[in-house]
Amino acid sequence: MTKEEALKTYFGYDAFRGGQEAVIDALLSGRDALAIMPTGAGKSICYQIPALLLPGITLVISPLVSLMRDQVTALVQMGIPAAFLNSSLTFRQYLLALDRARAGRYKIIYAAPERLETEGFRAFAETADISLIAVDEAHCISQWGQDFRPSYLNIPAFAASLPRRPVVGAFTATATPEVKEDIERLLALRDPLRAATGFNRENLFFEVRQPADKKAALLELVKGRPGKCGIVYCSTRKAVEEVCQFLRDRGIPAARYHAGLEAEERRQSQEDFLYDRAAVMVATNAFGMGIDKSDVRYVVHYNMPKDMESYYQEAGRAGRDGLPSTCVLLYSGQDVRTNEYLITHAEAREGIDEAAAERLRERDLQRLRQMTGFCRTRHCLRQHILRYFGQDAPDYCGTCYNCLHNFKEVEVGREAQAIVRCIAETGQHFGAGVIAETLCGADTDRVRKYHMEREASYGALRELTQKAVRDRIRFLLDEGILTLSPGQYPVLLLGERAEDIAQNGPALYMRTAEEERPAAAGRRQIPAELEGGQAELFGRLRALRAQIARRQGVPAYVVFSDRTLREMAAVQPRTTAELRAVSGVGDAKAGRYGKAFLQEIEDFCGQ
Ligand code: ADP
Ligand code: ZN
C-alpha cells in the first residue's frame, strides 16, 4: 500500500496537506523528523500513516492519559488496530493489552512517558518490534516550553535501550528557537528532517474586542451560536467558576474544567463536552492539550493569555475540521496587569539559579508585551500572528475583524485631563458611573446625594454622552493612568501618570469604533451555511450520527465529522462509490455506516 492509498483507505482523504508528505517520507525512509505544525494542521496523520506502512509497532508517547482512549477509539473506527497502555486500565486489562501487543495485534500503541520507566513495559519493549516512536507534544521535554514534563527526558534512553533504535518523530505546535533546540538535543534526534508547515489557519476568523462588560459580550457570542460547540478560556480558576455559573444561570449547557477540580469531575466535564452533552466548555489552559474534537466552532478568550504561543494553540482548537470558525479575544487592560503580576511573582522553578530565573522573567515579560501588541493592533490580526511565528503574510487577509472594519483614532488628551481632575477633586471616592454622570452634568440621585453639582468639573464634558466618558475612563484604566480599587464596589484611583495628565494634558490617542468597511473592499466570503433542503438533510444526518454514536458509546465526531456530513448533505451521494468520494469516508467507515447514511439520503431525496 502506498501512503496515498493509506490516506484514502483509512482516513478517506484525497490529498495530503502542506508538510505532511515530507514528514511521512522521512519517517518511512528511516530518518528522524521534527515537525512543527500549528494545532489543527494535521500532525497525527504524519505518524499514523507511517505506522500503518512500517512493519511492527508504532509507539506514540503522549502526555495526556485522559485523551488516549478517544484517540484510540477514533483509530479503531477507521479500522486501524490500536490500543493504549495507561493507568486508567485495571491491572488485568493492562496485562491483556500487553499480551495482545506481544502477539502483534496492534499497529499503534499510545503510552504516557512515565510508562516507559516501568519494568513490565520495558520487558515488553525489548521483545516487541517497535519501528517508530512518535513523540507527541514534544515541547514537554523543554524547560522553556509551557508544559515541562520531566519524564519526557527519559525517552531517548528508552529508545537507545531497545535492541534496534526505532525511528523517532517529534511533533509540536511550539515554534520558539529554544524549544526547537531543546527537542532536538534532549530527544537525541539523529539528523532529523525539520518540517514546519505554514502557520496559517484559513478557516479561522480572528477578532479582538475590548468590551466594557465581558460577561455581556460573552453571552452575546454564545447565544449567537445556539447548539454550536465552543470553548471559553479564562486565566484563573475563579473566573472559570464565575463564568460557568453565569452561563448556566442563563440556561446554557456549560461544563467547567480546571486543575482545582477533583479528577472525577474533570473527567466528567471533558466527556460531557466531547459527547456534546455540554455545548460550552469553560476552562483554564489546563484543558485542551490533545483534545481533538473537530467541530469546535468558536473559542473565546475571556482573558488575554500570557503569550502568543498559548493564544494560538488555544484558539487553534477551533475548526479542526476546516469549517469556518471564530476566535474572539475579550481584552482588558486588567488582563495585562494580572499577567504582569503573575510573571513577576512566579515561584522559581526547581533547579534554576537566580540569574536564569531573571532571564526567564524577562523573556516572559517580553512575550507578554508581544501578546498585548496583538490585542492593540489595528492592522490585520492574521498577519500579526503569522509574522510572530516567523512567516510572512500580506497585510490584508479579509477574514479577520480588523480587515473588515475601520478604526478611528481620537485624540482624548483634554478629556483625559478633565476625568483625572474630576477624580482628584472628589477625593478618589467614586466609581466610573458617578464620575461619568458628574462630568456630563447629569442630574441623578447619586449626583444630588454627593453634591457633585458643586464640583468644578461638574459638566466639564457636557458635550459627550455618559457612555463616551466611560469609554475614555476604560481607556485610561488600560493605559494605567487610572486604577481600580479592589473589592466589590471598585472606585477609580489615580495611577502613576495621572499627575502629568492633570497638569499638562498631553495628547493621547484612543482607538475607537468601527464602521463596517464597504463589502466591495475585496472581502473574501467564507462559504455560508447550507440552505434549504441541504440544511434539512444535514440535520437528519446529524441525528443519525448521534443515534449511532450513542449506541456505540463513542463521541459523535468520531463517527463522521461535521465537515463530512455537510459534504454528504451537499453532494447527496446515492452509491457506495459516490459516498467514498466524500472527504472523511474511509473504507472502514463506509463499510460500517455507509448503508445507514445512504438509506437516510435516499429516504430524504425520494420524498
Ligand atoms: P493536530 O494534531 O495537528 O492539531 P490533527 O492531527 O488532530 O491536528 O488533525 C486535525 C484535523 O484535520 C483532523 O480532523 C484530521 O482528520 C484532519 N486532517 C488531517 N490531515 C488531513 C488531510 N490531508 N486532509 C483532510 N483532513 C485532514
Ligand atoms: Zn486580516
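The values are calculated or read from the model by the stated rules, or taken from the named source; none is laboratory data. Predicted model, so just to flag it, every value in this text is computed and none were measured. Don't worry about glycine lacking a Cβ; one is built from the backbone with ideal geometry, like all the others, and counts go over all protein chains shown. With ligands, DNA and RNA removed, areas are computed over all heavy atoms of the protein, side chains included. Shrake-Rupley method; radii C 1.70, N 1.55, O 1.52, S 1.80 Å.
Could you pull out the longest piece of the chain with no exposed loop GluC sites (Glu not before Pro) in it, calling a site exposed if DSSP puts it outside H, G, I, E, B and it has at most 16 other Cβ atoms within 10 Å?
1-201
Please report the net charge: other residues with Cβ closer than 9 Å to the Cβ of ASP25, K and R +1, D and E -1.
Around ASP25, the surrounding residues sum to +1.
Taking H placed 1.01 Å from N in the peptide plane, check which residues at least 5 places from LEU484 or on another chain put their amide H under 5 Å from its amide H.
Here LEU493 satisfy the definition.
Ignoring ligands, DNA and RNA, what accessible area per residue does the chain give at 1.4 Å, in Å²?
45 Å²
Under the rule a/c < 1.5 gives rounded, and otherwise a/b versus b/c splits prolate from oblate, where does the chain land using the Cα gyration tensor?
Prolate, since a/c reaches 1.5 and a/b exceeds b/c.
List every residue whose amide H lies under 5 Å from the amide H of HIS301, counting only residues 5 or more places away in sequence or on a different chain, with H placed 1.01 Å from N in the peptide plane.
Hits under the 5 Å cutoff: TYR233, VAL328, LEU329, LEU330.
Restrict the search to region 360-445; then list the trypsin sites (Lys or Arg not before Pro) that DSSP places in a loop and that have at most 14 other Cβ atoms within 10 Å of their Cβ.
Hits after loop and neighbour filter: ARG378.
Region 429-463: which trypsin sites (Lys or Arg not before Pro) are DSSP loop and have at most 11 other beta-carbon atoms within 10 angstrom?
ARG462
Roughly how far apart, in whole Å, are the Cα centres of region 550-569 and region 318-345?
Centre-to-centre distance over Cα atoms comes out at 30 Å.
Between GLN534 and ALA15, what is the FRET efficiency for a Förster distance of 25 Å, r being their Cβ-Cβ separation, to the nearest 0.05?
0.55
Evaluate E = 1/(1 + (r/R0)^6) for GLN572 and LYS223, where r is the Cβ-Cβ distance and R0 equals 35 Å; express this FRET efficiency to the nearest 0.05.
According to the calculation, E is roughly 0.65.
Report the trypsin sites (Lys or Arg not before Pro) located in region 147-256 that are in a DSSP loop and have at most 11 other Cβ atoms inside 10 Å of their Cβ, or state none.
Qualifying residues, ordered by number: ARG164.
Mind giving me the nanometre distance, one decimal, between the label points for LYS467 and GLU602, set 7 Å out from Cα along Cα→Cβ?
5.7 nm
If each residue of separation counts as 0.36 nm, what is the full-extension length gain between THR127 and ALA355 once their alpha-carbon separation is subtracted?
Difference between extended and current length: 77.5 nm.
Pairwise over distinct Cα atoms, reciprocal of the mean inverse distance: report the Kirkwood radius of region 13-138 in Å, one decimal place.
After inverting the pairwise mean of 1/r, the radius is 15.0 Å.
Taking a ≥ b ≥ c as the square roots of the Cα gyration tensor eigenvalues, with a/c under 1.5 meaning rounded and otherwise prolate when a/b beats b/c, else oblate, which class fits region 203-329?
rounded
Would you please classify the overall shape of region 323-456 from the alpha carbon gyration tensor, given that a ≥ b ≥ c denote the square roots of the eigenvalues, rounded means a/c under 1.5, and beyond that prolate means a/b larger than b/c while oblate covers the rest?
In terms of gyration-tensor shape, oblate.
Determine the dipole magnitude for region 403-470: charges of +1 sit on the beta-carbon of Lys and Arg, -1 on that of Asp and Glu, nothing else is charged, the reference point is the Cα centre, and the result goes in debye to the nearest 20.
Magnitude of the dipole: close to 120 debye.
222 nm [θ] for the chain, helices only, -39500 (n - 2.57) per DSSP H run of 4+, per residue, to 500?
After summing the helix terms and dividing by the residues of the chain, the value is -13000 deg cm²/dmol.
Using only protein heavy atoms and a 1.4 Å probe, report how much of LEU579 is accessible, in Å² to the nearest 10.
LEU579 has an accessible surface of roughly 0 Å² with all protein chains in place.
For the pair ASP99 and ARG165, what calculated FRET efficiency results from E = 1/(1 + (r/R0)^6), where r is the Cβ-Cβ distance and R0 = 30 Å, to the nearest 0.05?
E between ARG165 and ASP99, to the nearest 0.05, is 0.75.
Would you pull out the residues with amide H under 5 Å of LEU34's amide H, same chain only if 5 or more places away, H placed 1.01 Å from N?
Those qualifying (amide H under 5 Å, at least 5 residues apart or on another chain) are ALA170, LEU193, ARG194, ALA195.
Could you list the residues of region 436-457 with an amide nitrogen less than 18 Å from a label point located 7 Å from the Cα of ARG414 in the Cα-to-C-beta direction?
It comes to 439-441, 457, nothing else.
I want the local charge near PRO63. Using Cβ-Cβ distances under 13 Å, sum +1 for each Lys or Arg and -1 for each Asp or Glu among the other residues.
-2
Whenever you get a sec, compute what percent of the accessible area on the chain sits on carbon and sulfur atoms (1.4 Å probe).
49 percent
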